[in-house]
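Please see the structure below; I have some questions.
The values are calculated or read from the model by the stated rules, or taken from the named source; none is laboratory data. No experiment lies behind these values; they were computed from the predicted model shown. In this analysis, Cβ positions are derived from the backbone assuming ideal geometry, glycine residues included, and neighbour counts consider all displayed protein chains.
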Amino acid sequence: MELHNLRPAKGAVKSGKRIARGQGSGKGGTATRGHKGQKSRSGYSKKRNHEGGQMPLQMRLPKRGFKNPNRSEFVVINLDRLESIYDKYRNSNIDIEFLVTNGIVNKEDKVKILGTGELKNKLSITAHAVSASAKELIEKSGSTITIA
């Protein structure tokens, strides 16, 4: 047996339907597309949400809600994450510049400190915002928080 005489097993490969190749094929004439209409034409592509002239669902439903263009998104850092950052880098001064240089947040991100977890080390923290519970826990541990 060589590469040039390899063949699939008999009956394993089935030839595809030859659509629109004359009446003798059994799939001639309309070529399985039915008679007339948009779907029978060449180049037809169904548009998303098209309902054939009926008012589409997304236009029948009322508009709801409001997206505030002036909303400020914060990157959230919990106290337990601050503790793990201290354990990794051994830097007690955790400010926004430090977080950016170590790839924890992006330069344009705003940082908010939340109070999940606890602080065991005395840290000097600078952030854009802090929750009341986080502020309480930070001051309880002897650390300081500064709002930038």
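Give the residue that is surrounded by the most Cβ atoms within 10 Å (Cβ to Cβ), with candidates limited to residues of segment 50-76 that are farther than 24 Å from Glu108 by Cα and of a type in the set (S, T, N, Q).
Gln54
Which one of the conditions (1) within 22 Å of Ala132 (Cα to Cα); (2) under 25 Å from the mean Cα position of the chain (by Cα); (3) modelled with pLDDT under 95 does Arg48 fail to meet, given that it meets all the rest?
(1)
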